[in-house]
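The values are calculated or read from the model by the stated rules, or taken from the named source; none is laboratory data. Predicted model, so just to flag it, every value in this text is computed and none were measured. Note: ideal-geometry Cβ built from the backbone for every residue, glycine included; neighbour counts use all protein chains shown. These accessible areas exclude ligands, DNA and RNA; they are computed on the full protein's heavy atoms, side chains included. Shrake-Rupley method; radii C 1.70, N 1.55, O 1.52, S 1.80 Å.
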Amino acid sequence: EYVLREYLVYKLYNAITDTSFKVRLLKVKYVDSKKSKKTIIKYGIFIEPTEMVVKRTNSVAVKTGTLNQNSIIPNVMDRVAIFNYMVTNWDWSIPGQHNVEVIKPLSYNPGGLGIAIPYDFDLTGVVNADYAIPPPNIEIENVRQPIFTGICRTSEVYKEDLKRFSDSKEKLYSVVNEFPHLNQRSKKDITNFLDQFFNQLEKPKSIDNLIDVFLKSCKK
């Protein structure tokens, strides 16, 4: 089930933007060629190679140790940070490109800024794996506790960012509810988990409270 849930996280990000890794779910049959044991069938994920992403998006891949969040197109950077907050993913970073691929569009791009594409979501709260234990230096006690590590913006910018997520709510919930390979109990667990984020987007006061959380933990 962990693989199925991680696959869903990719599909959630696909629903928000095309500049994301496309994925394909498959069943893998493992056969022991030396012993006549019973074959094992497990789910797996094909993830779109970076070479295909850059071709599809008319971009080039960026590999350098000097990147930071200011190197990324602002609304794209905010999208990545808020998405990771929504799925409670602490295991990512632009410096070092940890679980993030960076590409640069070949089309008109006066700032020369990149597009960050997150991947590797097995430690998120959506997956909720029993091995997903945050390290001591992370200020959360469990994997389902959100943490915001995006760059600092004004309250007005964050409001616009959050509105884009609010507008995508029904599409995101449909990704989960229409997925045929999880039972209703698991789907309900995921949607209830996502509720902890989207419930904060329903009223101006709760939105302001969420923005306060962002402002207290964002990176200068």
Restricting attention to helices (runs of 4 or more DSSP H) lying wholly within the stretch 155-204, give those where 2 or more residues are modelled with pLDDT of 95 or more and among the aromatic types (Phe, Trp, Tyr). 155-167, 184-198
Just give me the residues in the stretch 83-101 being surrounded by 21 or more Cβ atoms within 10 Å (Cβ to Cβ) and either within 16 Å of Ser59 (Cβ to Cβ) or touching an Asp or Glu at 6+ places or on another chain (Cβ under 6 Å) (or both), in sequence order. none
Can you tell me which residues in the stretch 70-82 are more than 17 Å from Phe21 (Cβ to Cβ), touching a residue at least 60 places away in the same chain (Cβ under 8 Å) and open to solvent by 30 Å² or more (accessible area, probe 1.4 Å)? Asn70, Pro74, Asn75
For a quick check of your reading of the model, give me the residue pairs whose first member lies in the stretch 209-220 and is among the β-branched types (Val, Ile, Thr), whose second is outside any helix (DSSP H, G or I), with beta-carbon atoms closer than 8 Å and at least 6 apart or on different chains. Val213/Phe148
I'd like the full set of residues that are outside any loop (DSSP other than H, G, I, E, B) and open to solvent by 100 Å² or more (accessible area, probe 1.4 Å), limited to the stretch 42-69. Lys42, Phe46, Glu51, Met52, Lys55
Just the residues that are in contact (Cβ under 8 Å) with a residue 60 or more places away in the chain and β-branched (Val, Ile, Thr), please, taken from the stretch 153-181. Val157, Val175, Val176
How many residues of the stretch 1-28 are farther than 22 Å from Met77 by Cα and in a loop (DSSP other than H, G, I, E, B)? The answer is 1
Those residues that are loosely packed, with under 12 Cβ neighbours inside 10 Å and of a type in the set (Val, Ile, Thr), I need them from the stretch 130-178; list them, please. Thr154
Could you grab me the full set of residues in the stretch 7-25 that are touching a strand residue (DSSP E or B) at 6+ places or on another chain (Cβ under 8 Å), touching a residue at least 40 places away in the same chain (Cβ under 8 Å) and open to solvent by less than 30 Å² (accessible area, probe 1.4 Å)? Tyr10, Tyr13, Thr19, Ser20, Phe21
